[in-house]
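Worksheet: one structure, shown below.
Taken together, the values in this text are just the output of simple stated rules run on the coordinates, not laboratory data. Since we're looking at a predicted model, the values are computed, not measured. A quick note on method: Cβ atoms are made from the backbone with ideal geometry, for glycine too, and the neighbour counts reach across all protein chains shown.
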Amino acid sequence: TELTSVPANDDVLMVVDVSDTTGSTTGTSKKIDYKQLFAHTITTITSSTHTFDITNANAFIVGSPSSGSQTLTIPTNTAVSFDIGTEIRIFRNKATDLTISPDGGVNLVSQGGLTDISPRYGVATLVKLNTNLWIMYGDLA
C-alpha cells in the first residue's frame, strides 16, 4: 500500500492504492477519513471514584465530579486487559482535585512521581507500556 495522492477534500486524510502480496495494484483505492482515524470516545465521569474499564481504552475522559475531589484508578491487567499501547487522555474540568491512582500491583511512572492533574483544564495522558506498567505525562502536580 502506498500513498498516491492527497485530495483537496478536508475530510480525507489520504487515498491509497491497495496492492496484493505480489505488488500488483488491484485497481482499487481506499479513502481514509481523518475524523475516523483520530476519533476518540468522549466520556464524562461525574462520580468521585472510577476504575478505568475497557470502554475507556483510547478514550478522552472528562473528569467532572458532581462534588468534591475525584480519583480515577488504573486497574491491574488481570482485572482489565488493556492492550499494550492503549492511551487514555484525561481532562480536569472542575476546580477540585483530580488524582490518578494505580491499583495494587500496577506501576505508574510520571515525572517526579506526580499523580494529580493540575491546573484546572489541565490534560494528562496515560499510556500502557507493559502488563502492569503505565506512564503518565501532561499537566501534572
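Suppose every K and R has +1 on its Cβ and every D and E has -1 on its Cβ; what is the size of the dipole of region 46-121 about the Cα centre, in Debye to the nearest 20?
Roughly 280 debye, rounded to the nearest 20.
Length gained on full extension, Ile54 to Leu129: 25.4 nm, using 0.36 nm per residue less the C-alpha separation. Residue-wise HN-Hα couplings along region 120-131, as the Karplus relation 6.51 cos²θ - 1.76 cosθ + 1.60 with θ = phi - 60° gives them from phi, are 3, 6, x, 10, 10, 10, 9, 10, 7, 9, 7, 3 Hz; Gly and Pro carry x. For region 133-141, 3J(HN,Hα) computed residue by residue from phi via the Karplus equation (6.51, -1.76, 1.60; θ = phi - 60°) reads 10, 10, 10, 9, 9, x, 7, 10, 9 Hz, glycine and proline entered as x. Restriction of the chymotrypsin sites (Phe, Trp or Tyr not before Pro) in region 60-139 to DSSP coil positions whose beta-carbon has at most 14 other beta-carbons within 10 angstrom yields Tyr121.
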